[in-house]
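Chemist: Next up is a structure, given as structure tokens.
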Amino acid sequence: MTGSVRTIADVAAGPHASVARAVHALRDVRDRGIWSDGELTPWSQAVDEVAVRIAALREVLGSSSSSSSTGPLPHVGLLLSGTPEYLHLLGAAACSEIVVAGLNPTRRGAALARDAALADCALILTDADHAGLLDDLTIDVPVISVDSPEWTDLLARHAGAEAPDLSTVPAGPDDLVALVFTSGTSGDPKAVRITQSKISVPGRMLADRFGIGPDDCVYSAMPLFHSNAVMVPWPIALFTGCSIALRRRFSASHWLDDVRRHECTFANYVGAPLSYILATPERPDDGENPMRVVYGNEAPAQVRREFARRFGVTVVDGFGSSEGGVSVSRTPDTPDAALGPLPAGVSIIDPETGAPCPRARFDAAGVLLNADEAIGEMVAEGPGLFAGYYGDPAADAERMRGGRFHSGDLAYVDDDGWIYFAGRSGGWMRVDGENLAAAPIERVLRRHPDVAEVGVYAVPAGEVRGPGTIGDAVAAGVVLRDGADPVGMAAGLGEFLADQSDLGPKQWPSLLRVTTALPRTASFKFRARDLTERGTDPAGDLVWSRADGHRTFTPV
């Protein structure tokens with residue numbers, strides 16, 4: 001890696017650089033651009049396509065929404081695959097008064113209609129891959145497929161359109177470009193306001209941090225309706241003028257081939273994709289590729305190490321959210337299990353009292369002794385890059401209680417100032433009167449040689465530990481490595497857990513579920529509530545339970 005290391009706060013404190021200006025700056029770049037399906041759309045052409053879409057969308061929206069930069073901002077829902085069309089529409093939003101809302105295609109029926117209504121979509125653009133999701137839905141706005149003759153004719157009518165003059169574009173740091181929905185791991189998704197600065201600041205910071213320049217190519221296979229793609233690979237490419245290689249949807253088996261084909265040097269991820277890529281058969285030449293840096297979040301330490309070894313790349317795992325209120329960056333000396341050093345202005349507080357939590361204490365074996373008091377919520381002194389939710393003032397007020405950004409994420413800090421993720425605030429487990437967090441238990445279970453993926457969650461204690469037992473019981477959902485014997489794994493799990501010196505007795509799972517795939521959101525985050533709802537019902541999986549004080553797991 002080359003280049004100076006600046007934080008998001010450093011970049012945010014500097015002069016504002018608009019996404020609109022970055023798009024305009026590419027109008028004469030003809031040798032770099034957007035790769036998709038083996039074809040290159042040069043940036044010069046992409047800028048023209050942006051102008052055409054602004055004019056076309058103004059025509060469609062003109063009857064119900066103002067096309068003036070001083071009028072109401074028309075919202076356009078995007079239910080699309082990861083194609084250049086999506087980037088053209090994002091560019092159109094950045095360079096005009098139009099706002100796009102990324103709709104999650106894993107949402108179905110009334111839930112999808114709810115998201116479109118919450119985002120105040122005056123138009124929905126879809127494609128052949130997703131049009132069927134809108135069948136039989138009551139959505140009282142126009143729907144156009146970008147694969148239809150209607151869209152082709154609309155664009156043709158505006159061929160040669162000029163992009164709006166920058167002096168007329170609402171492109172200040174707080175001007176709205178897009179709405180991105182949260183993952184919905186703990187309730188209905190919220191629409192996060194994505195402003196010019198929320199796109200430009202992380203994009204510029206990461207390009208600087210990783211020394212990315214015009215000769216690079218970033219690889220983007222994460223969903224474009226998610227903040228990770230909107231705020232990482234796209235702005236990096238815009239502000240450096242390098243190429244970006246898209247894939248319609250993530251494919252573990254095609255990742256390396258794509259990287260080699262387009263000579264990609266940077267890739268982003270969120271959640272489990274690195275694990276999926278590692279699950280593909282290893283080849284002797286895996287390390288022969290141009291990739292330098294893979295950047296994302298939520299990859300376990302073992303996965304980061306193995307991915308770096310196998311593909312000869314630097315894996316950098318950060319911590320943040322769609323809201324942008326808290327960001328933690330790893331340093332070279334960060335312990336494997338930690339997120340990084342506690343950032344300035346961020347503290348860990350007791351969610352009930354608001355008082356700062358004491359530093360974590362450990363015994364000689366590394367067991368966290370004071371989890372009840374050391375684990376708390378990550379809170380920042382100000383909003384950071386959080387620009388609020390759209391149409392949800394109550395959620396804004398909850399997130400910014402007392403003028404501080406409440407992340408909803410649990411963590412603890414050791415005496416050396418390293419911060420450790422402990423799970424989501426909704427993921428607390430109350431076991432025998434003590435609060436337990438999922439993340440430390442997951443870190444231990446990932447050490448098991450048969451475990452490829454793990455998600456720890458709560459189930460009602462009465463279902464597992466017997467009638468009359470109150471509180472929660474710890475449950476673990478695991479996906480095993482190819483060739484692993486689930487029965488043998490379950491039979492030996494008690495002995496494995498007993499050998500883990502940093503696992504306290506209350507942290508032992510009382511329920512083990514072996515499944516073929518953990519339930520995940522479209523952005524690859526574990527959906528714990530799906531397994532909680534199953535309880536002890538196998539529902540096609542293999543399930544074992546363990547009685548209190550025993551090591552043996554018995555089939556359910």
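The values are calculated or read from the model by the stated rules, or taken from the named source; none is laboratory data. What you see is a predicted model, and the numbers here were worked out from it, not measured in a lab. Quick reminder, even Gly has a Cβ in these numbers, built from the backbone with ideal geometry, and neighbours come from all protein chains shown.
Chemist: Among the candidates Pro189, Pro202, Pro235, Pro170, single out the residue that is under 27 Å from Ser44 (Cβ atoms) and not in a helix (DSSP H, G or I).
Modeler: Of Pro189, Pro202, Pro235, Pro170, the one residue that is under 27 Å from Ser44 (Cβ atoms) and not in a helix (DSSP H, G or I) is Pro170.
Chemist: Now for a separate question. If a residue must be in a loop (DSSP other than H, G, I, E, B) and surrounded by fewer than 24 Cβ atoms within 10 Å (Cβ to Cβ), how many such residues does segment 205-220 contain?
Modeler: 5
Chemist: Looking only at segment 509-538, filter to residues that are basic (Lys, Arg) and in contact (Cβ under 8 Å) with a residue 60 or more places away in the chain; which one of those is surrounded by the most Cβ atoms within 10 Å (Cβ to Cβ)?
Modeler: Going through the qualifying residues, I end up with Lys525.
Chemist: Can you pull out the residues in segment 370-410 that are under 14 Å from Ala422 (Cα atoms) and in contact with an Asp or Glu (Cβ under 8 Å, 6 or more places away or on another chain)?
Modeler: Ala371, Asp372, Glu373, Gly376, Glu377, Met378, Ser407, Gly408, Asp409, Leu410
Chemist: Does segment 295-314 include one or more residues that are touching a helix residue (DSSP H, G or I) at 6+ places or on another chain (Cβ under 9 Å), part of a strand (DSSP E or B) and surrounded by fewer than 18 Cβ atoms within 10 Å (Cβ to Cβ)?
Modeler: yes
Chemist: Quick check on segment 91-113: of everything there that is hydrophobic (A, V, I, L, M, F, W, C) and within 18 Å of the chain's Cα centre (by Cα), which residue is farthest from Asp135 (Cα to Cα)?
Modeler: Taking the candidates together, the pick is Ala101.
Chemist: Can you give me the number of residues within segment 160-207 that are closer than 21 Å to Gly296 by Cα, under 15 Å from the mean Cα position of the chain (by Cα) and aliphatic (A, V, I, L, M)?
Modeler: Looking only at that region, the number is 5.
Chemist: May I ask you to verify whether Ala476 is exposed (fewer than 13 other Cβ atoms within 10 Å of the Cβ), at pLDDT 85 or above and under 23 Å from Asp432 (Cβ atoms)?
Modeler: no
Chemist: A further question on this structure: Looking at segment 407-446, which of its residues are within 19 Å of Ser510 (Cβ to Cβ), hydrophobic (A, V, I, L, M, F, W, C) and modelled with pLDDT of 75 or more?
Modeler: Those that are within 19 Å of Ser510 (Cβ to Cβ), hydrophobic (A, V, I, L, M, F, W, C) and modelled with pLDDT of 75 or more: Met429, Val431, Leu436, Ala437, Ala438, Ala439, Ile441, Val444, Leu445.
Chemist: So Pro149 clears everything in (1) within 25 Å of Ala522 (Cα to Cα); (2) at pLDDT 95 or above except one condition, right? Which one?
Modeler: Exception for Pro149: condition (1).
Chemist: Let me ask something else about it. Taking the conditions exactly as written (within 19 Å of Phe553 (Cα to Cα) and either modelled with pLDDT of 90 or more or under 29 Å from the mean Cα position of the chain (by Cα) (or both)), does Gly494 satisfy them or not?
Modeler: Taking the combined requirement at face value, the residue satisfies it.
Chemist: What helices (runs of 4 or more DSSP H) completely inside segment 455-556 contain at least 1 residues that are assigned by TED's automatic domain parsing to the domain that holds Asp372 and closer than 26 Å to Arg108 by Cα?
Modeler: Once the helices (runs of 4 or more DSSP H) in segment 455-556 are filtered for at least 1 residues that are assigned by TED's automatic domain parsing to the domain that holds Asp372 and closer than 26 Å to Arg108 by Cα, nothing remains.
Chemist: Look at segment 262-288 and say how many of its residues are over 22 Å from Phe524 (Cβ atoms) and free of Cβ contacts under 8 Å to residues at least 40 places away in the same chain.
Modeler: The total comes to 5.
Chemist: Further question on the same structure: Which residue out of Asp127, Asp120 is on the phi > 0 side of the Ramachandran plot and either free of Cβ contacts under 8 Å to residues at least 60 places away in the same chain or in the same structural domain as Val169 (by TED's automatic domain parsing) (or both)?
Modeler: The unique qualifying residue is Asp120.
Chemist: Cβ-Cβ below 9 Å, separation at least six or inter-chain, first residue in segment 146-173 and at positive phi, second outside any loop (DSSP other than H, G, I, E, B) and crowded, with 16+ Cβ neighbours inside 10 Å: which pairs?
Modeler: Gly160/Asp48; Gly160/Ala51; Gly160/Val52
Chemist: Residue by residue through segment 351-361, note down the ones that are over 15 Å from Phe421 (Cα atoms) and touching a strand residue (DSSP E or B) at 6+ places or on another chain (Cβ under 6 Å).
Modeler: Within segment 351-361, Pro351, Pro356 meet the criteria.
A quick yes/no check of all residues on (1) touching a Ser or Thr at 6+ places or on another chain (Cβ under 7 Å); (2) part of a strand (DSSP E or B); (3) not assigned by TED's automatic domain parsing to the domain that holds Ala12:
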| position | (1), (2), (3) |
| --- | --- |
| Ala344 | no, no, yes |
| Ser347 | no, yes, yes |
| Pro351 | yes, no, yes |
| Gly354 | no, no, yes |
| Gly366 | yes, no, yes |
| Asp372 | no, no, yes |
| Met378 | yes, yes, yes |
| Pro383 | no, no, yes |
| Phe386 | no, no, yes |
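Chemist: Is it the case that Gly109 is assigned by TED's automatic domain parsing to the domain that holds Thr41 and loosely packed, with under 14 Cβ neighbours inside 10 Å? Even if it seems obvious, please write down each step before you answer.
Modeler: Values: assigned by TED's automatic domain parsing to the domain that holds Thr41: yes; loosely packed, with under 14 Cβ neighbours inside 10 Å: yes.
In short, yes.
Chemist: When segment 1-35 is examined, which residues are found to be farther than 26 Å from Arg261 by Cα, under 26 Å from the mean Cα position of the chain (by Cα), at pLDDT 80 or above and among the hydrophobic types (A, V, I, L, M, F, W, C)?
Modeler: If the condition is that a residue be farther than 26 Å from Arg261 by Cα, under 26 Å from the mean Cα position of the chain (by Cα), at pLDDT 80 or above and among the hydrophobic types (A, V, I, L, M, F, W, C), then Ala17, Val19, Ala20, Ala22 are the ones that fit.
Chemist: Residues being in a loop (DSSP other than H, G, I, E, B), over 15 Å from Ala116 (Cβ atoms) and of a type outside the set (S, T, N, Q): count how many of those fall in segment 133-156.
Modeler: 2
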